[in-house]
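Worksheet for the structure shown next.
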Amino acid sequence: MPGFFAPLMSLLALMALPIVVFYFLKLRRQRLEVSSLVLWQQVLSDSRVNAPFQKFKRNLLLLLQLLMLAMLVLAAMQPYWKSDAERAQRVPILIDCSASMAAMDRPGGQSRLDAAKAQVNEIIDGLLSDQQISLIAFSDTAQRLCAFTNNKRELKAALEQVKIREVPGDLEDAMRMADAMARAEPFEQVVLFSDGNFPAKTDFALPFNIDYQQLKSPGVNMGIATLNAQRADSRQWDVFVKLVAANAPGNATVQVYQNDQLVGTEDVHVDLDGPKKLVFRLTADEASHVTIKLLPDSFDALLSDNVAYVDLTGLRPLAVNIDKPMVPEQLAIKAMDNVMLVSGNSPADLYLTNEPDSVVDNVKVIWRNGALPQELTQLMEIKQDAGSDVVSWNRADPLLGHITLNDIIVLDQPTLKENVRELDFESLGYRILIHGSKGPLLLTKQYDSHVEYILTVDAARTTLPYRVAFPVILSNLVRQAMHHAGLQEVQAHHTGVFPPMEVIGEKSYTWQYPSGQTQRVTSNVRGKLIGLACPSTGEYSLKDGGDVVLSMGASLLNSDESTLQSVEQLQFRELSITAAAKPIAMDRSFWPTLLWIALAILIFEWWYFHRQRQRTMQNTAQKRSPSTQSLSAR
Amino acid sequence: MDSRLRGNDEKTNNTMEQAQVTKLLGNDMLHRLERLRINASGRFTNRMRGEHLAAKGGSSMEFADYRDYVEGDDTRFIDWNIFSRLRKPYIKLFHHEEQMQIVILVDASSSMMVDGKLQRAQQLAAAMCVCGLFAAEPVSVYTFNQPANNLSMVGPATGRGSLHKLLKFVENIESGEGGSQPPDDAVDTMLKRHRGKGIVVMLSDFLTYGDLKRTFNTLNNAGLEIFACQILGERELDPDLTSDLRLVDCENADILDVTAQDNLLDLYHEYLSNFQNTIAALARQRGGKFLCVNSDEDLSTVLFDQMRREAWLV
């Protein structure tokens, strides 16, 4: 049903009066004297001349002018087709631009993001002057592309900015942004364009309705879902690759490159039933860059998950520095494989000390035995010979896995000072791993460069060295140190944001993206580069002038994205939203169509007017030509 | 006058200006017209002897036919040569030459002033006068315009000596200002003065609201064979409708608004053709002839081509 946005413009129809008046005033006929009107009167009284159609043709030009005016007046009234949906004046549109939105339905076809942009473009085209739209692109985070506006040029420019971010999708951030916008400029409905490839449950209480426009299912896809490496022995890594398929099983070839050298190839068949797991054993005496390429035999909907990168560190023994008085610890660690004991102030990956503040270079894990740092002395004290029991311990912590501490006897008693609670430790960044009867026995704190474990009492004044738990704890400690030193296992970096990188403090570097685009970044005072973005898969490099300081790859590595899973029902805190069965119904203005019709009428009128004159002139010329011929003949 | 006519006249003026008999016709045309006769059916003739061969037999010197002798026939007309050979009497028949009145009726109403129609009527009237006089027929010329009862005329004149008088009269025919006398009134007036049978050559555009059927019946009943010559201008034969027009009747100043339409000209031509067919049928039904002449057409073409092909002149 049509409606009019500016019905008062119908008053322009009064312009028909002057048009009619001027038409007939302008119709000043040329006087022509004739011998007699006998024949003309008979002709004009003929029924064929006075047929309704002939009367219509006689004033066709006037009728065309009135029709054109009618089209212009209707266009000025800004008509629109009312949709079934309730008329919304302010609508934010959320556009999913996560990795799976780049999936195409067929070779050379349209990606789902392109399909979403086409639909949004139609909505923008049909936008009425009292309606406003805001565009929000979201992937793992949300970004508002433009505020509420009805400026179509601005909206289309913002829509052009929507690019694929090869990261997993997450709806929650977008919902929170929309919620924040709703507080400033209220609205009742949000339009969501997505393939539904994000967690089905979102911890968010919806203050508005969601029109969930789910995009159609894409074609088949195969991708690398997982890539990591574990130390196999003193010189080799085992590289684990997990492949998944979406919509149809398929065959592919997996190629493994180490420092750009092809070191392994394997043909695989990936079923829909479960992932295909591959293991490649690589020698790594030095740090190396490993690239896994998946080459599907047939069409592949998503390209970003066909390549993955992992950076292997050069394998070496773990350097452990232990203060001399700690004999039990030295004996236990010395018996372990891939461990090298150092002494003095030599750099080490693992440092075991009795001192509260001492540190060695390159340390990843510090174990402080019976030494309270200065900040902890304000919260607790050690009462000599007071005795303490182990009340509980954090079994989920990797350091305390597979042990029991029930029968441990502690001679000294860590005691909390008055009015000190556990929250006070947390406020300082400490986490309690073993609780004693009066205070914590073991705490840990994560620093930028390393992790510290603080045993508040001296191990020598406990029965711990005589229990099985002691070498297990030390073994876990060594494994933690190997993990932090990158000697135990390596995970491939996911797209999004790289972990903090250690460089020279307060120095500017050039961060180069896989596309060649560069960005200037500056390290902080502690020599950390934080928040380096990696929105797409590929190899990134950190350059100091022309020299490459660091090089690393980012990979999608998300099983949900690679399997192109689609959630048809979004579960929010209080209600669930089902994907809409039909495309979004917006009010559609059609005044441009009327303007085109008016233009067509104008062109037809011009053509008709000149055709009539031309035909008459041609007839006249043809009639005169025989006389001219007879004259020339004479 | 039309440019072609003027061109013809100028040519004549340049060569033999002093000797030109009339400004309506060139001398060369006059010489050609002297040898032509008006092709009447001969049904309407006076009993007076003349040079026009009557349809029935007579006593002229021109042999017509033979027939069987019947009792009571004048024996002077028996062909004795035939009798001597065939031993059977035959009577020789001769053509009867009677006098045929030639009446030329020229429409000089205002409508004839358009597109040189009156000039063309004058030229045709002069040509008919020449043909009639050189055939030793009595020729009379009538013109009609306003007022209705004031009919100008000359004749009947006979013999070549009357040529100058007739041509002078024809040359001096003028259109009456606003004259709109219909042909039927003019014929009625003419027949009040005219006596004798023969032919009547009507030179008019026949664009009248009057009843032509009555007019033609009147002429036919008066013993005049009808030679209806319709003279139309280019604007009447092929009107130019380039835009919306207000047509003004030159006789009564009536106006009529005409809007240019695709099929209007086709309708006009259809009506014109029907009108001409009606006049032709009225003439033919009374033993007469009809001819439509374009006032723009070359005069020699009209006289020596069109009129001869239509058997007006022989």
Only unsatisfied item for B:Leu267, checking (1) farther than 19 Å from B:Val293 by Cα; (2) in a helix (DSSP H, G or I); (3) within 14 Å of chain A (Cβ to nearest Cβ); (4) in contact with a strand residue (DSSP E or B) (Cβ under 8 Å, 6 or more places away or on another chain), is (4)
Can you tell me which residue within the range A:537-551, out of those that are modelled with pLDDT of 90 or more and crowded, with 16+ Cβ neighbours inside 10 Å, is nearest to A:Asp305 (Cα to Cα)? A:Thr537
Within 14 Å of another protein chain (Cβ to nearest Cβ), modelled with pLDDT under 85 and surrounded by fewer than 24 Cβ atoms within 10 Å (Cβ to Cβ), is that true of B:Met153? no
Restricting the search to the range B:104-122, which residues are surrounded by 24 or more Cβ atoms within 10 Å (Cβ to Cβ) and touching a helix residue (DSSP H, G or I) at 6+ places or on another chain (Cβ under 7 Å)? B:Ile104, B:Leu105, B:Val106, B:Asp107, B:Ala108, B:Met112, B:Leu118, B:Ala121, B:Gln122
For A:Leu61: the one exception among (1) modelled with pLDDT of 75 or more; (2) more than 14 Å from chain B (Cβ to nearest Cβ); (3) over 30 Å from the mean Cα position of the chain (by Cα): (2)
Matching entry among B:Asp305, B:Asp298, B:Asp257 (being under 16 Å from B:Ala127 (Cα atoms) and without any contact (Cβ under 8 Å) to a residue 40 or more places away in the chain): B:Asp305
If I go through the range A:15-41 residue by residue, how many of them are within 60 Å of the chain's Cα centre (by Cα) and either surrounded by 11 or more Cβ atoms within 10 Å (Cβ to Cβ) or outside the structural domain of A:Asn59 (by TED's automatic domain parsing) (or both)? 3
Would you point out which residue out of B:Cys250, B:Cys229 is within 8 Å of chain A (Cβ to nearest Cβ) and either over 26 Å from A:Gln41 (Cβ atoms) or out of contact with any His (no Cβ under 7 Å at 6 or more places or on another chain) (or both)? B:Cys250
Where residues in the range A:399-416 are surrounded by fewer than 15 Cβ atoms within 10 Å (Cβ to Cβ) and in contact (Cβ under 8 Å) with a residue 40 or more places away in the chain, which of them is nearest to the chain's Cα centre (by Cα)? A:Gly401
Considering only the range A:225-239, state which residues are surrounded by fewer than 20 Cβ atoms within 10 Å (Cβ to Cβ) and touching a Ser or Thr at 6+ places or on another chain (Cβ under 7 Å). A:Arg235, A:Gln236
Go through the range A:191-240 and count every residue that is assigned by TED's automatic domain parsing to the domain that holds A:Ala284 and acidic (Asp, Glu). 2
Please return the ranges of strands (runs of 3 or more DSSP E) entirely within the range A:470-563 where 1 or more residues are within 30 Å of A:Pro275 (Cβ to Cβ). A:489-491, A:538-544, A:547-555
Looking only at residues that are of a type in the set (Gly, Ala, Ser) and part of a loop (DSSP other than H, G, I, E, B) in the range A:208-224, which one is surrounded by the most Cβ atoms within 10 Å (Cβ to Cβ)? A:Gly219
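Matching residues to (1) under 30 Å from A:Val503 (Cα atoms); (2) in contact with a helix residue (DSSP H, G or I) (Cβ under 8 Å, 6 or more places away or on another chain); (3) without any contact (Cβ under 8 Å) to a residue 60 or more places away in the chain:
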residue	(1), (2), (3)
A:Asp397	yes, no, yes
A:Glu418	no, no, yes
A:Asp424	no, no, yes
A:Lys438	no, no, yes
A:Val457	no, no, no
Elements of type strands (runs of 3 or more DSSP E) in the range A:269-352, at least 2 residues being free of Cβ contacts under 8 Å to residues at least 24 places away in the same chain and surrounded by fewer than 20 Cβ atoms within 10 Å (Cβ to Cβ): A:339-342
Of the residues B:Ala311, B:Ala280, which is more than 14 Å from chain A (Cβ to nearest Cβ), touching a strand residue (DSSP E or B) at 6+ places or on another chain (Cβ under 8 Å) and part of a loop (DSSP other than H, G, I, E, B)? B:Ala311
Could you list, in sequence order, all residues of the range A:338-360 that are of a type outside the set (Val, Ile, Thr) and under 17 Å from A:His484 (Cβ atoms)? A:Asn338, A:Met340, A:Pro347, A:Ala348, A:Asp349, A:Leu350, A:Tyr351, A:Leu352
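The values are calculated or read from the model by the stated rules, or taken from the named source; none is laboratory data. In this text, all values refer to a predicted model and were calculated from it rather than measured experimentally. Ideal geometry is used to build each Cβ from the backbone, glycine not excepted, and the neighbour counts take in all protein chains shown.
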